[in-house]
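Notes to accompany the following structure.
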Amino acid sequence: MAYTRDLRKGQDEPLGKIEIAPEVIGVIAGLAASEVEQVASMQGGFATEMRERFGGAVNYRKGVKIDLVDDGILVDLYCTVLFGASIPLVAENVQDAVRSAIFNMTGLHVLEVNVHVVGVQFEKTEPFSLDDLTF
């Protein structure tokens, strides 16, 4: 199912239709969410994670679920945040970024952006080596 929109030159003359696939909306939402500060990553399924780790293409729809309804679009996002971040603030920033990106790129009305925080990522530390010690 794709979102279809009629284009009209005036009130009477149709110019044609624009169809936007849910996959496109998912890519827009995923990229917008992943660019928000303090979002560590988007959560994907096991197969998607393995494909990316072994050199497969990056799936920008990872962690995004799009539902097209008559009134607009419902977006569910599953993400991991960095430790120490204010989760309500990060979630609000994700909602704003996703809603703005979808509207600016497609002109479509977003009814809901539901953010599901599924994990917390800790800062990566450098591996400790005994060679680093000086006596």
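Since every read-out is calculated from the coordinates, none of them should be taken as a lab result. Everything quoted here is computed from the prediction, not taken from an experiment. As a convention, Cβ positions derive from the backbone with ideal geometry for all residues, glycine included, and neighbour counts pool all protein chains shown.
Check which residues have an amide H placed less than 5 Å from S41's amide H, if you skip close sequence neighbours.
Under 5 Å from the amide H of S41: T80.
Please find the FRET efficiency linking F103 to E123, where r is the Cβ-Cβ separation and R0 is fixed at 35 Å, and quote it to the nearest 0.05.
0.55
Counting only residues 5 or more places away or on other chains, whose amide H sits under 5 Å from the amide H of G63 once H atoms are built in the peptide plane?
Answer set, sorted by chain and number: G45.
Say each of E112 and E19 gets a label point 7 Å from the Cα, pointing the same way as Cα to Cβ; how far apart are those two points in nm?
2.8 nm
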